[in-house]
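Written below as structure tokens is the structure these notes are about.
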Amino acid sequence: MSMGSILAGPVALVAAAVFLLLPAASLGQLQVGFYNTSCPNAEVLVRQAVTAAFANNSGVAPGLIRLHFHDCFVRGCDASVLLTVNPAGGKTEREAPPNFPSLRGFEVIDAAKAAVERSCPQTVSCADILAFAARDSVNLTGNTFYQVPSGRRDGRVSNDSEALQFLPNPNSTAQVLTDGFGVKGLTAEEMVVLSGSHTIGRSHCDSFLFKNRERLANGTISPAYQALLEALCPPTTGPTTLITTEIDVSTPTVLDNNYYKLLPLNLGLHFSDDQLIRNATLAPFANSFAANETLWKEKFVAAMLKMGNIEVKTGSQGEVRLNCSVVNPGSSSTAGVEMLMFPGSASDAPADEVATS
């Protein structure tokens, strides 16, 4: 079966079930094959750009998955995280501490957008390109392909304050994590599922070093592991320290369930990772995924699809950007012009309504 076909077996069944559970408005506006007529090679062009970048640096895959996640959690999946200029003035999401300097993969999205624009000008949104690129990254690292519904439109607003408000923190407690995902319409189990993407990628010293000293004192991190981290990270570690380490010390470039297997060994890198096995509600999920990789991958695909439907803009909302880094010429520069929709919904309301939050 070709990569362009739906993944056979249980993962396909789970994906189909997710489509059925999505609100009717979303089903009618995001759809698999949205560009079949207007730009039939869109997904192939994105896949080629991602594959080329991955061949040069495998680190782009976790970067693109995280980029999609950070996009969807702030104003929905509208590519607002890609903007380098806030039309209303002030800093963008991209410049906020949860994203800078750690967020990466922007150049891959730019390359994919350039290829798509050459083939189908002014047709494919940056938000959809980002969703496709995240899917392709999952496939390259985990050999798991799935179809991505598309039809998203690009937003015109990007504020650093909203990134600070909505993006999870690596030092968050289980309750804070669960609440934060809940605001976006995701369950506690889906939070644990999506946390498994930490099985690939790297993290900056400032995200784990100091909180882990507290964990060392209460016995929730391996002393040998913490000693290695202390040797890696300088005493002057701060937000601008660029030194990183793998989050998964066993198979850091493979999207698998080893992340969950490391947690009971006190080898979770972040405090938030460790919280998954310290909480009575979350621990059974983490344990089941440690025991069954197929189960986790099925649920991971379903959760990625659901996350990709958060607060999407469709129809006449937003725009299709010509350049993913800036809004189109003539776009509104009013900070609150775009309506934030409820998690998992797609509204036909005009894009110039005042934001509800």
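Quick notes on this structure:
- Filtered residue count, region 229-251, keeping only those that are part of a helix (DSSP H, G or I) and surrounded by 13 or more Cβ atoms within 10 Å (Cβ to Cβ): 3
- Near pairs, Cβ below 7 angstrom, 6+ apart or cross-chain, from region 237-261 (touching a residue at least 24 places away in the same chain (Cβ under 8 Å) and more than 18 Å from Leu209 (Cβ to Cβ)) to any residue that is of a type in the set (Asp, Glu) and assigned to a loop (DSSP other than H, G, I, E, B): Asn258/Asp248; Tyr259/Asp248
- Flag if Phe145 is assigned to a helix (DSSP H, G or I), at pLDDT 95 or above and aromatic (Phe, Trp, Tyr): no
- Taking (1) open to solvent by less than 40 Å² (accessible area, probe 1.4 Å); (2) in contact with a Leu (Cβ under 8 Å, 6 or more places away or on another chain); (3) among the aromatic types (Phe, Trp, Tyr) in turn, Trp296 satisfies each apart from (2).
- Among residues of region 150-174, those that are open to solvent by less than 20 Å² (accessible area, probe 1.4 Å), closer than 30 Å to Asn328 by Cα and not in a helix (DSSP H, G or I), counted: 8
- All conditions in (1) more than 30 Å from Cys77 (Cα to Cα); (2) at pLDDT 95 or above hold for Pro235, with the sole exception of (2).
- Taking each residue of region 79-95 that is part of a loop (DSSP other than H, G, I, E, B) and modelled with pLDDT of 95 or more and looking for partners that are among the aliphatic types (A, V, I, L, M) and open to solvent by 60 Å² or more (accessible area, probe 1.4 Å) with beta-carbon atoms closer than 8 Å, six or more apart or interchain, yields Thr92/Val85.
- Only one entry in Leu140, Leu67 is more than 19 Å from Glu319 (Cβ to Cβ), open to solvent by 20 Å² or more (accessible area, probe 1.4 Å) and aliphatic (A, V, I, L, M), namely Leu140.
- Odd one out for Leu177 among (1) surrounded by 19 or more Cβ atoms within 10 Å (Cβ to Cβ); (2) out of contact with any helix residue (DSSP H, G or I) (no Cβ under 8 Å at 6 or more places or on another chain): (2)
- Among the residues of region 180-212, those that are surrounded by fewer than 21 Cβ atoms within 10 Å (Cβ to Cβ) and closer than 18 Å to Ile310 by Cα comprise Gly180, Gly182, Val183, Lys184, Gly185, Thr187, Ala188, Glu189, Leu194.
The values are calculated or read from the model by the stated rules, or taken from the named source; none is laboratory data. The structure presented is a predicted model; accordingly, all values stated were derived computationally and were not measured. Positions of Cβ are backbone-derived with ideal geometry, glycine not excepted, and every protein chain shown enters the neighbour counts. For accessibility, only protein heavy atoms count, side chains too; no ligands or nucleic acids. Shrake-Rupley method; radii C 1.70, N 1.55, O 1.52, S 1.80 Å.
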